[in-house]
1. Can you tell me which residues in segment 58-98 are over 15 Å from the mean Cα position of the chain (by Cα) and farther than 18 Å from GLU29 by Cα?
2. If you take the residues in segment 63-75 that are acidic (Asp, Glu) and in contact with a helix residue (DSSP H, G or I) (Cβ under 7 Å, 6 or more places away or on another chain), which one is farthest from LEU36 (Cα to Cα)?
3. Could you look through segment 41-76, keep only residues that are within 21 Å of GLU92 (Cβ to Cβ) and hydrophobic (A, V, I, L, M, F, W, C), and pick out the one that is surrounded by the most Cβ atoms within 10 Å (Cβ to Cβ)?
4. What are the pairs, 6+ residues apart or on separate chains, where a residue within segment 76-103 that is without any contact (Cβ under 8 Å) to a residue 60 or more places away in the chain and under 20 Å from ASN37 (Cα atoms) has its Cβ under 9 Å from a residue that is among the polar types (S, T, N, Q) and surrounded by 11 or more Cβ atoms within 10 Å (Cβ to Cβ)?
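The values are calculated or read from the model by the stated rules, or taken from the named source; none is laboratory data. Quick caveat, the model's predicted, so the values are computed rather than measured. Glycine also receives a Cβ, built like all others from the backbone with ideal geometry; neighbour counts cover every protein chain displayed.
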Amino acid sequence: MNAIPISNKSFIKHQHECLFNICIAAFIEAHAVVRLNKYGVKKFKAITKNRPIVSKIEGDLYYFDWPELQLEEYFKRFGQDAIVIEPASLKEKIKKFYYYGLREYSK
């Protein structure tokens, strides 16, 4: 059996580090606030798969203590009907998701 070349070893190490970071991110809870309009509330009630548990509701603001990656994947489907207020990192990820989607559809 041949040894793995140094360049491949560093690549494999990098891949393992990335996978580890993704796994960790999937379990780190974020304190999140999401504003839902009336259609967002309907979607929240209808889309039950991987729906996060609400910690508190104040008017149109929904509070969650849930892994950020799972919140991101769940609320991407809501479009303008759910606006992330915090954390800023989650808000930025969803903004980028829609920005790059719009850019591709605008070609």
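1. Those that are over 15 Å from the mean Cα position of the chain (by Cα) and farther than 18 Å from GLU29 by Cα: GLU58, GLY59, ASP60, LEU61, GLN80, ASP81.
2. First, pick out the residues of segment 63-75 that are acidic (Asp, Glu): 65, 68, 72-73.
Checking the rest, the ones that are also in contact with a helix residue (DSSP H, G or I) (Cβ under 7 Å, 6 or more places away or on another chain) come to 68, 72.
Details: GLU68: 17, GLU72: 15 Å.
The selected residue is GLU68.
3. Only one residue fits best here, namely PHE75.
4. If the second residue must be among the polar types (S, T, N, Q) and surrounded by 11 or more Cβ atoms within 10 Å (Cβ to Cβ), the pairs left are GLN80/ASN37; ASP81/ASN37; ALA82/ASN37; ILE83/ASN37.
Residue-wise test of (1) at pLDDT 95 or above; (2) part of a strand (DSSP E or B); (3) basic (Lys, Arg).
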{"site": "ASP65", "(1), (2), (3)": "yes, yes, no"}
{"site": "GLU72", "(1), (2), (3)": "yes, no, no"}
{"site": "ARG77", "(1), (2), (3)": "yes, no, yes"}
{"site": "GLN80", "(1), (2), (3)": "yes, no, no"}
{"site": "ILE83", "(1), (2), (3)": "yes, yes, no"}
{"site": "LEU90", "(1), (2), (3)": "yes, no, no"}
{"site": "TYR98", "(1), (2), (3)": "yes, no, no"}
